[in-house]
Structure formats: structure tokens, C-alpha cells
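Report on one structure; see the data block that follows.
The numbers here are math on the coordinates, done by the rules we state, and not lab data. Everything numeric in this text was worked out from a predicted model, so none of it was measured. Counting neighbours? That spans all protein chains shown, and the Cβs are built from the backbone with ideal geometry, glycine included.
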2 protein chains.
Amino acid sequence: MSPADAETRVTRDDHEVLRLWLRLLATTNLIEGRIRRRLQDRFTTTLPRFDLMSQLDRAPDGLKMGELSRRMMVTGGNVTGITDGLEAEGLVARIPDPEDRRVLRVRLTTAGRRAFRLMASEHEGWIVDLFAGLESEQRAMLSDLLGRLKLHIRAKED
Amino acid sequence: MSPADAETRVTRDDHEVLRLWLRLLATTNLIEGRIRRRLQDRFTTTLPRFDLMSQLDRAPDGLKMGELSRRMMVTGGNVTGITDGLEAEGLVARIPDPEDRRVLRVRLTTAGRRAFRLMASEHEGWIVDLFAGLESEQRAMLSDLLGRLKLHIRAKED
């Protein structure tokens, strides 16, 4: 193989990887956009609000604000502002940390948990529909490939 | 199979799809986060700025503001504000549309194109490194699966 061939191939490979990244980003954006619109239409709520309640649903003892911010999966929301809004609606409460009463934890109220579970159950149905273009084996393969990719990136210190 | 088994399986499948979506989102966020940090460290720039210049690089005649907004791949930036900033640095220019001189198009200046190409070439290397955890065949498979998923979602009117 001539040096020119090797160089051409490297370049083509690079572009291919770039296209793969843009496809990954576009697919995620597409799904996220659908979910944002449905949360708005069905529950007049936003994805960052849903995401925040979802993080609290998995943390029965509540979370400190810093932990909550770190766990958020979507951008575009101010965690303090969202918490204030949800608190005003009685869906979350700020409570003193039992180990250090100067620190506040945020947790779902009973009403908040009920409201979240209702949305979450419908949300899960949307996700099932959106992913219905893949067979079960294809979904397993996609999950495996994403897992490998994530593991490789996590292992690389940045 | 008893009804209870079927129900249990459906529920397990649903959760599996939800986990797949969260993994897709987390992987995209992880890569996006690495790129945001490197753009900052290496070029003191942001991903929305890079994204905007990248859209203009593919549009030699420039784009109207509305088209530019629609083509953006990342959130978190105000397109007008970014354009103002890049214009002040001489990297983009607003020029009257040849077909309707009341309409402005944004395009890269020569300096802007040079600056973008320099960043883009390094950016491509980061992407190649980040995806190096997958073999060429695995990348092709991932691309194919994402393509199917996107096609299915696009075909569903929302």
C-alpha cells in the first residue's frame, strides 16, 4: 500500500468517526426533543423539572443541592430555580440534613412522588414507542456498544 | 405462560428500554462534556460557538439567522448573542441576502474559516480518541443501529 493510500484511509476513517458522533448527538437530540414536547403537552412541565424529580424519586432521603446538580441528566434548567418552583407547588420540600442541621436536603413530598410516578409511567411508554424501531436483540447490541464506548471514555483521564 | 409472567416480562422490557435511553443520553453527555472542556482549554471557546461556526463552514453562501438556529446541534447558546460576539472578533460577517437585501445572512469571514478549520482538525482527533474503544466493525454497527432508531422516530409524526 502506498503512503498516499494509508493517508487517504486514515482521513476517511476520521470522517466516519465524526459522522458517527454527529449521528449519536442527532439521535439523542431527536429523542430528547420528542420527550420535551410531550412533557409540555401532557403535563405542562419541562424536561429539567422531570429530570430533577426523577433524581429525587431515586433518593428517598433526599439530596443536597450540590448532589442534585451533579446528577441532573439534562441541561437548560437552573436547579435552584426549578427547586423553588416545585417547592412553591408543594411537590418538593427542603429539610434540614439530620447529620448537619445547617445543611438543607431536597426531597419529594408525598404529592410530588405521586405526581412524578404518574408522569414517569407515561414517559416510559413514550420511550418504549420511540425505541420500537429496534428489535430486542438490536437494543441489547446498542446498549452493549454504548456501554463499551462509555467505559473507554471514563477510563481516559481528561 | 401465566398472565403474571407476561406482565412481569413486559415491565422488565420497559425498564430495559428506559435504561437504554438513559445510557444513550449519558454517553452523549459524557462525550459532549469532554469536547466542551477541550474547546475551552485549547481554544478558549464554547461548544455552541464551535457548532455555529461548523454550520457556517458547510454553508459557503452563509445562512439566515432562522436557518442557522434550526441547524444548531447543541443547546445552551443564544444564536444572536454568539453571532454578535463572533462578528465583533471578525470571524463572521452579516451580509445582505442577494435575493432580498432587507434580509441578512451570516457567513464566515476568511479569518473565521481559517480559525474554524484549525479547531475542527484538532476536534476530529479528539473524537477519534474518544471512540477508540470500539473497533471499526463495532462503530459501523453502532452507526447502523442509530440510523434505524432515527429513521423509526422520524417516521412517527409527533
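What to note about this one:
- GNM result for chain B, Cα springs below 10 Å: residue of B:Leu39, B:Leu30, B:Leu52 fluctuating most strongly: B:Leu30
- Farthest toward positive dipole pole in the range B:77-148 [+1 Lys/Arg, -1 Asp/Glu at C-beta], among B:Ser121, B:Val92, B:Leu104: B:Leu104
- GNM top mover of A:Val92, A:Val106, A:Val17 - chain A, alpha-carbon springs below 10 Å: A:Val17
- Every Cα-Cα pair in chain B was counted, and those over 24 Å apart are 51% of them.
- Whichever lysines have a C-alpha closer than 28 Å to that of B:Lys150, once near sequence neighbours (fewer than 8 apart) are set aside: A:Lys150, B:Lys64
- Extents of the protein assembly as shown, taken as max minus min of Cα coordinates on every principal axis and listed largest first, are 61, 47, 43 Å.
- Pair B:Glu137, A:Met65: separation of 7 Å Cα→Cβ label points (nm): 5.2 nm
- Qualifying GluC sites (Glu not before Pro) in the range A:50-158, where qualification requires a DSSP coil assignment and no more than 16 other C-beta atoms within 10 Å, comprise A:Glu89, A:Glu99, A:Glu135, A:Glu157.
- Between the helical axis of A:110-130 and the longest alpha-carbon principal axis of chain A there is an angle of about 20 degrees.
- Distant-in-sequence amide H partners of B:Lys64 (H built 1.01 Å from N, under 5 Å): B:Val106
- Multiplying the residue separation of B:Glu16 and B:Asp57 by 0.36 nm and subtracting their alpha-carbon distance yields 10.8 nm.
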